[in-house]
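Below is one structure, written out as structure tokens, with a few remarks after it.
None of the figures in this text is laboratory data; all of them are computed from the coordinates on show. Worth saying up front: this structure is predicted, and the values here are computed from it rather than measured. Here Cβ is always computed from backbone atoms with ideal geometry, including for glycine, and neighbour counts include all displayed protein chains.
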Amino acid sequence: MIRYSKTKVVILIIVVLVLWIAVRCGISLPLSARSGAHVTIDGDGLTVHSRGCDLVVGPSSDDLVHVEGDGETRTIAQGTVRTYTDDVVTVLVPASATGLFLDATGSIDVAGMDVDSLELATVDGKLSLSGCSARQASVTTIDGDVCITGSSFPLLSIHAIDGDIDIAQCDVDDIDGTTVDGDITISLSSFQTISVSTVDGDIILDADGLSEATLTLDDSSANRTIQGLSDKRVEASTVSGKVEILQGGMPSDLDDTPR
């Protein structure tokens with residue numbers, strides 16, 4: 001495994017995150033100076049941009065998008081709606097939506113969504129996903145924790161600068177997770193590949209199949225690779241911290257002795 005300096009990793013991740021969020025936010029219609037959310041549904045895709053408020057997103061009971069904020073509820077089937085508040089905006093999404101993109105300057109809480117593509121980005125706030133499923137999911141934050149529970153994603157990408165990453169009771173094929181300053185804790189019912197890294201933090205992994213996977217672990221104490229018997233693969237690295245494997249009683253101080 002190639003070892004990178006802390007400074008290079010920090011610069012690389014910051015540049016990627018800032019450019020990614022700038023591009024995505026740049027193609028949206030601008031909000032007014034007031035806090036609130038700008039919700040647009042175009043075909044089967046739904047886009048929500050919010051400033052100065054938190055987002056709560058869940059499934060709708062009909063074929064309309066319901067936007068609730070500041071004591072009023074507005075509905076749309078297509079087009080755009082705005083709501084103004086500095087508190088919480090709730091967006092209820094119909095089952096017909098296949099793509100969901102959310103970006104905010106506050107927290108984002110998504111529950112019970114089943115879509116083809118799911119993208120979340122925030123500058124400052126916690127990102128929470130529970131009981132969700134998507135063919136591919138992408139989560140990006142500059143300053144905030146990421147918490148995902150009881151969800152299913154064949155492809156999951158998580159990138160943070162300052163925040164912990166916590167994934168529990170999930171079914172994910174491939175995970176790519178990075179944070180600069182934060183711990184990474186992952187508990188999975190199944191997986192194919194896990195690739196995670198942090199500069200300043202610990203990594204804790206617990207998943208069915210870890211005992212048969214090929215493990216490449218790089219932390220402050222050692223760099224070691226343990227060849228597994230299956231095609232499952234795990235790569236975990238931290239500059240300042242430790243990597244710990246929990247499944248099957250495997251010790252955290254693994255050496256490179258073949259199994």
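Please check which bits of the stretch 52-84 a label hung off Thr98 would reach, taking the label as a point 7 Å along Cα-to-C-beta and the cut-off as backbone N under 19 Å.
Within reach of a label on Thr98, which here means backbone N under 19 Å from a point 7 Å along Cα→Cβ, the stretch 52-84 contributes 60, 63-65, 77-79.
Using the basic label-point model (7 angstrom from Cα toward the beta carbon), what is the Arg135 to Lys242 distance in nanometres?
Taking the simple label geometry, Arg135 and Lys242 are separated by 4.2 nm.
Between Asp70 and Gln169, what is the spin-label point distance in nm, taking each point 7 Å from the Cα along the Cα→C-beta axis?
Rounded to a tenth, the inter-label distance reads 3.7 nm.
Take Asp124 and Gln192, extend 7 Å from each Cα along the Cα→Cβ direction, and tell me the distance between the two endpoints in nm.
In this crude spin-label approximation the distance works out to 4.0 nm.
Taking the Cα centre of the stretch 35-140 as the origin, how large is its charge dipole in debye, to the nearest 20, when only Lys and Arg (+1) and Asp and Glu (-1) carry charge on their Cβ atoms?
140
Compute the length gained on full extension between Asp200 and Ser117: take 0.36 nm times their separation in residues and subtract their Cα-Cα distance, giving the result in nm to one decimal.
26.8 nm
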